[in-house]
Amino acid sequence: MRVDGGDDRGGTGGGGGGPGEAPGPAGLVADRYELHDRIGQGGMGVVWRGHDRRLNRPVAVKELHPRVAVDAETRERWTLRALREAEAVARIPGEQLDHVVAVYDVIQEGGQVWIVMEQVNPRSLADVLADHGRLPVADAARMGLEVLRGLRAVHGAGVLHRDIKPHNVLFRRDGRAVLMDFGIATFEGAQQVTQLHETVGTPAYLAPELVDRHPPSEASDLWGLGVTLYEMCEGRQPFTGATPWDVLEAVRERDPEPPRHAGPLTPVILGLLDKDPERRITSDRALELLRHVARETPDALLGTGGSGSLGGFGPPPTPLPGPAPVPEPRSEEGAEGAAGAAGARGSGRDGPARPARPAGTHRLRRFVRDPSGTVRRAAVRAAEEGRRPWWLRRGPVAVSITLCLVLLAGLTWVTVRQLAHRTGDLESSSTLRAARARGELVIGVKDDQPGTGMRVNGSYRGFDIDLAYYLADRLGFPKSKVRLEPVRSISREPMLEAGRLDMIVATYSMTAAREKDVDFAGPYYVALQDFLVPRSEPPMVEGPAAFYGKTVCTASDSSSLAYLRASFPRIRTRTYTTYEPCVRDLLAGKVAAVSTDDVILAGYAHRYPTRLRLVGQPVHSEYYGVGMAKGDPSMRSAVCRALKSYMADGGWERAFRRNLADLIQPTPRPPDPCPPEGSAEP
């Protein structure tokens, strides 16, 4: 058995040199790749900050250790490892490389081997942990989610990484985590680079089945993610020892000390660190759990781009060295010089060069919107005739007056258009016309859900209540002209269809079945279906399977009930019109759990903190929307604009802090309401 206990910490570089910089001591590789300063060094090689002359882009070049005396067999194995790394990454489709460091080229020249890679920040997650110890749970969850996405892309390509650890997690300049170092990865058809029956990897992150020399699997990589998550939350590794052999023995024989700081990440960590790979939670399950803790809006709304996580703990963006900014010209000659410089800069980048800006327009376009194009056309004509535009020939006072007048005209034009659009919707909505004639806007809300909608001594409060009053105000109804009407899950649609409600803000899930009868504006919240159980219940890593053959309570005619019956038919269900009786049955031991949206369950757990808790393993996600009658597009348009304003001006965050901050941690991100036609909708 060979144990690779070293940390190959060769990062793939921060900002890189441009073609005008002098090459470093290693010179030029393959007449194409310039080598500049060293940015990392590990047991197998040196990493250089480099530049690709042919494609004019920064790269990182890993040089397999050229100055270490090794025998021919070892050198051959290093070469095979380099080729394997390139081949492994090449198997991953380009659109799946969001969280994997790209490998561009492998070069064998003069007895040496170089791997040319994407240049990212050389500061690894291991460096972050060395500086900060443990990380906040929210940052660890988002970080783990990004690593898992990279791992899923790797596994989707039929590749096993086999060395998941903080040293192999780097960051792009926008903060996204990326996986690197596929030198010991394996895949179908891969050439053998290790001795038969060798155990290869880093002991502290090695899965127990690999210690026992079983074949690697996706579950083995997930174990490494579990160890990494543990280390992020606790600031230490779960398995330690005086020697690598002691560490391997701990991995195989000992359970880790229970996490003390992982909070809601505890179930996913324990699930990933199950010593039996058959019982270890799957990649899909880990994704659900990490999304729950990270409170991430699902991909249908936000796409699969990076989250820029780590909340300040990640490496700062590393700017690429380059020419100093060109000062803004003070004369016609300077303006022409600046335009020429801009064209020269643009021509060296990917894609066509940006056209030079007409002389004389640079100052005005920074401050003034020009919807009609009048100002820009005048500037172009002046430039073609070799003269200065009139607004630059009248002196500073005239220029200032002109700027103010054009700015005022532009703002007036925009404001009039917006007001006309908004007023048109408010006037043309049949629902709002009826409400004005009635003298009040009637909104359906819940009155028995802590945190979202509660009525105490005749007064309503909650996250949905704050939103309801905000929407009403934007629609022209002050609080004194709003009537809140209690609704139940089973009564919402009938009351809306009967005209007893103008709209509904009541933890109303936007489902395909409901959209046949109800128009929705949203989403305004992403809800995750979870389970509420007695606090005496032990942690559950098996998820809903723990309730097979048992009775779980939920609300009648709710989306939670529909999902339980469709997805988990082995769970018996009991229903009431509200969740209060369900919670009473749970406290009395008459049901095993209550299941609905986590934001609702969290309110009850907060009410009974010593008796109830959330399982913390969501099984489903849905989107809350504002419901309204079918056939009134003006009403929906007006509500959509109000929701966008609510998100943009901080109203959503203020309402969350006021009503839900004690119930849901960490704070989720508000979703993007009312996506445009043709985009991914919930």
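The table below lists the values:
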{"read-out": "Only listed residue being surrounded by 24 or more Cβ atoms within 10 Å (Cβ to Cβ) and either part of a loop (DSSP other than H, G, I, E, B) or modelled with pLDDT of 85 or more (or both), chosen from 141, 130", "value": "141"}
{"read-out": "Residue check for residue 460: surrounded by 15 or more Cβ atoms within 10 Å (Cβ to Cβ) and without any contact (Cβ under 8 Å) to a residue 24 or more places away in the chain", "value": "no"}
{"read-out": "Matching residues, the range 453-496, being within 36 Å of the chain's Cα centre (by Cα), charged (D, E, K, R) and under 20 Å from residue 520 (Cα atoms)", "value": "464, 466, 473, 474, 488, 492, 493"}
{"read-out": "Pick from the range 152-169, criterion at pLDDT below 90 and of a type in the set (A, V, I, L, M, F, W, C), ranking: farthest from residue 92 (Cα to Cα)", "value": "160"}
{"read-out": "Residue 669 being closer than 29 Å to residue 136 by Cα, among the charged types (D, E, K, R) and without any contact (Cβ under 8 Å) to a residue 12 or more places away in the chain", "value": "no"}
{"read-out": "Residues of the range 62-79 satisfying the condition of being closer than 22 Å to residue 161 by Cβ and either at pLDDT 70 or above or within 34 Å of the chain's Cα centre (by Cα) (or both)", "value": "62, 64"}
{"read-out": "Search result, residues across the range 237-254 that are exposed (fewer than 15 other Cβ atoms within 10 Å of the Cβ) and in contact (Cβ under 8 Å) with a residue 12 or more places away in the chain", "value": "240, 245, 254"}
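To keep it simple, each residue is scored yes or no on (1) over 17 Å from residue 474 (Cα atoms); (2) buried (at least 24 other Cβ atoms within 10 Å of the Cβ).
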| site | (1), (2) |
| --- | --- |
| 609 | yes, no |
| 635 | no, yes |
| 645 | no, no |
| 656 | yes, no |
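Okay, residues lined up against (1) farther than 17 Å from residue 557 by Cα; (2) in contact (Cβ under 8 Å) with a residue 24 or more places away in the chain:
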site	(1), (2)
496	no, yes
503	yes, yes
507	no, yes
511	no, yes
514	no, yes
524	yes, yes
528	yes, yes
532	yes, yes
538	yes, no
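The values are calculated or read from the model by the stated rules, or taken from the named source; none is laboratory data. Note that the structure is predicted; figures quoted are calculated from it, not measured. Cβ: placed from backbone, ideal geometry, glycine included. Neighbour counts: every protein chain shown.
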